Amino acid sequence: MAAYLSRVSSIDSVTAATSALPPEKSSAAAHVLIVEDNADLAFGLQRTLEAQGHTVDVVGSGREALDRVKGVTPALIILDLMIPPPDGYAVLAELRRHGCMVPVLILSARGEEADKVRGFRAGADDYVTKPFGVLELVERVQALLRRSQGSVASMPEGRRFGRVLVDDVGRRAWRDGEPVTLSPLEFALLLTFLRQPGVVLSRATLLRDVWGHAPDIQTRTVDLHISELRRKIEPEPSRPRHIVTVFKTGYRFDP
């Protein structure tokens, strides 16, 4: 019943908010794939994003999603977790395992922190729980698209710190000579730190510069992504040497 109410609330939110969206088309119009088995909700999302100028495809199962990506690679995937097999976690893991680095925004009624951590570890770039605010969802979509289309400032090739080597041009990273698989958002977050060594960056600053979110949005997204980035690049993630927490302030990068 709780999941059903969440879905109904989400459908109502899409319908009510669509008319409030700006009528002009987005300057970052792109191809978006929605993976959602609730036809009404998927239709509302499709109509909302198409009104922003995006081209939108909709599929209702994990197998359809994987088959669709094999044919045409979208610029962004909006992925429900509770879909016909394989589920959203498996779809995401399969995409990342085969080198598909398309930004993925999870849209799910599963809102526990453990669910979000599992999603981020599988390679998600953002996570929105149902019921959701449509205006905020559209802004998150736009932020992911801006970042994937090259909004991150350039930096010198072959930047090295500690036991990590970062290739900005090829968007690759290695630790101890072994490749490190980073999602597009994790790579953008790492570059943000590399560009400002020794500077304390607040969560609001990171939300603005990396996610493109307004600083008043309340989210633990930053902390979850920092934790996952540390797991991949720090020698001892529980005792980080490079991405250091500054109590009640934010994070500092120490090369």
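Computed values, structure above
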{"item": "Taking W211, W174 and counting other C-beta atoms within 10 Å, the order from fewest to most", "result": "W174, W211"}
{"item": "Contour minus Cα-Cα distance for T129 and R208 (0.36 nm per residue)", "result": "26.4 nm"}
{"item": "Global form of the stretch 37-103, assessed from the alpha-carbon gyration tensor, a/c cut-off 1.5", "result": "oblate"}
{"item": "Global geometry of the stretch 159-253, whether rounded, prolate or oblate, following the gyration tensor of its Cα atoms and the 1.5 cut on a/c", "result": "prolate"}
{"item": "Karplus-derived 3J(HN,Hα), 6.51/-1.76/1.60, for each residue of the stretch 49-54, Hz, glycine and proline x", "result": "6, 5, 5, 8, x, 7"}
{"item": "Amide proton proximity set for R159, modelled H, under 5 Å, gap of 5+", "result": "V166, D168"}
{"item": "Order of V210, V128 under a 10 Å beta carbon neighbour criterion, fewest first", "result": "V128, V210"}
{"item": "Packing-based exposure ordering (other Cβ within 10 Å, fewest first) of D167, D87, D125", "result": "D167, D87, D125"}
{"item": "All aspartates and glutamates inside 20 Å of K130 as judged from Cα atoms, apart from same-chain residues fewer than 8 positions distant", "result": "D12, E36, D37, D40, D80, D87, E112, E113, D115, E139, D216"}
{"item": "For q = 0.16, 0.25 Å⁻¹, Debye-computed log10 I/I(0) when each Cα of the stretch 67-151 counts as one equal scatterer", "result": "-0.61, -1.39"}
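Since every read-out is calculated from the coordinates, none of them should be taken as a lab result. Please read all numbers here as calculations on a predicted model, not as lab measurements. Cβ: placed from backbone, ideal geometry, glycine included. Neighbour counts: every protein chain shown.
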